[in-house]
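The values are calculated or read from the model by the stated rules, or taken from the named source; none is laboratory data. Remember, it's a predicted structure, so these values are computed and weren't measured experimentally. Cβ placement follows ideal geometry from the backbone for every residue including glycine, while neighbour counts extend to all protein chains displayed.
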Amino acid sequence: MMDTNSPKNITYLLGAGASASALPVVNQFKDGLRALVGCFNDVAEKDDLGMKRIYQDLLWLAEKHDIYYSIDTAAKVFFHQEGSNSENLKRLKRTVLLYFLLEQLPIPELLEFRAREHQAPIDNRYFRLLAYYLGSNTVPTLPDNLHFISWNYDMQLELAFNHFGFEQNLRTTSEELKSLPRGGSYRSITKNDVETAKVIHLNGVAGLGLRNKREEEIIENLIDVFSNMSLKEVLEKIKAMNFFEDIEADYMINFAWEKRGLSREYFDRAKEIMANTSDLIVIGYSFPNFNRFIDKDLMKPFMGNDNAVGEALKVNPRRIYFQDIYAEDRVKVLKSQFDISDSIIKHIENTGEFFIPPNY
């Protein structure tokens, strides 16, 4: 039973493996892109100009994934080749947004395809985790001492949390969850929103799109826009709303290493959460080389590399629980990168459900 008086501050650091029952992990991403294109064959004309654009971008991203192994590495290549205004980088972000949007929509045709591939629309481990932490509260609210920091583009946590409320629109759900970034007016995100955020997506969210409406920048939750549609209707809507010209993905998917716009403030909030964390649960994250400097910046407050945090560590020792099917190899990487002793790390090899620390 959950101890609501626990002094522990629990933070989940999520990588692609935390959504593996619903979405492709890094080395499967290119296959997911090509499989999605295959689902269009029965509902769309390839000669249609709008569909050509969708086909071309999804297959282009799969090709780049073949070359560079990951979306993150491809993004870094474009950034160094062409700078922050790279057209290829913008195309990559827009295509990532489109892919994860389609993968997470409850579209009947895609649900049937996922069932054949043994994929669920939402990784059900999120339901079981939230069921525990939400306890007996009639109004679903995360405990004050629970936070999530995610490297994932998906909205799996938000989609699962939505089931515990009134299954309202995801924009409202994200506000209640205190998740960033989220939908609404771009200028409406206040300092207090950032300082009290409980869920931080470090690379942004591939369910949001920025567009100008009457000279005001609006972040639309596109999952809400396309809800309750068939695949054919979604594809027609994408064309009708001029998705490729009017929807801006650049600030909704903003790699942490870019350090631009609100993402810098979100990353600072993530470091603040880490500084106050006693138990860190790392799920499905490999600490890849391309994120090494960012990861060091993120882990530094947790490890107590400043006086204030160092003193706090003496009172409240910290633990890392590493949950991954390759836990032993991942822990070696973690120890070598951050000079962490064995005494504070525990391997969790069972990935059937998300780990919950003892005495919580």
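Worth a mention:
- Residue ID - nearest to Asn242 (Cα to Cα), chosen from residues in the range 32-58 that are at pLDDT 85 or above and out of contact with any Phe, Trp or Tyr (no Cβ under 9 Å at 6 or more places or on another chain): Gln56
- The range 277-308, subset assigned to a loop (DSSP other than H, G, I, E, B) and crowded, with 16+ Cβ neighbours inside 10 Å, residue modelled with the lowest pLDDT: Gly304
- Glu176, sole failed condition from (1) within 30 Å of Met299 (Cβ to Cβ); (2) of a type outside the set (Phe, Trp, Tyr); (3) free of Cβ contacts under 8 Å to residues at least 40 places away in the same chain; (4) not in a helix (DSSP H, G or I): (4)
- Note on the range 309-326: among residues that are of a type in the set (A, V, I, L, M, F, W, C) and closer than 19 Å to Ala20 by Cα, the one that is modelled with the highest pLDDT is Phe322.
- Residues that are in contact (Cβ under 8 Å) with a residue 24 or more places away in the chain and among the charged types (D, E, K, R) within the range 122-146 comprise Asp123, Arg125, Arg128, listed in sequence order.
- Lys271 being in a helix (DSSP H, G or I), among the basic types (Lys, Arg) and modelled with pLDDT of 80 or more: yes
Yes/no matrix, rows are residues, columns are (1) surrounded by 15 or more Cβ atoms within 10 Å (Cβ to Cβ); (2) more than 26 Å from Tyr12 (Cα to Cα):
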{"residue": "Asp66", "(1), (2)": "no, yes"}
{"residue": "Phe79", "(1), (2)": "yes, yes"}
{"residue": "Gly83", "(1), (2)": "no, yes"}
{"residue": "Leu97", "(1), (2)": "yes, no"}
{"residue": "Leu101", "(1), (2)": "yes, no"}
{"residue": "Pro143", "(1), (2)": "yes, no"}
{"residue": "Ser150", "(1), (2)": "yes, no"}
{"residue": "Asp154", "(1), (2)": "yes, no"}
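- Taking (1) of a type outside the set (Asp, Glu); (2) over 28 Å from Arg264 (Cα atoms); (3) modelled with pLDDT under 85 in turn, Thr190 satisfies each apart from (2).
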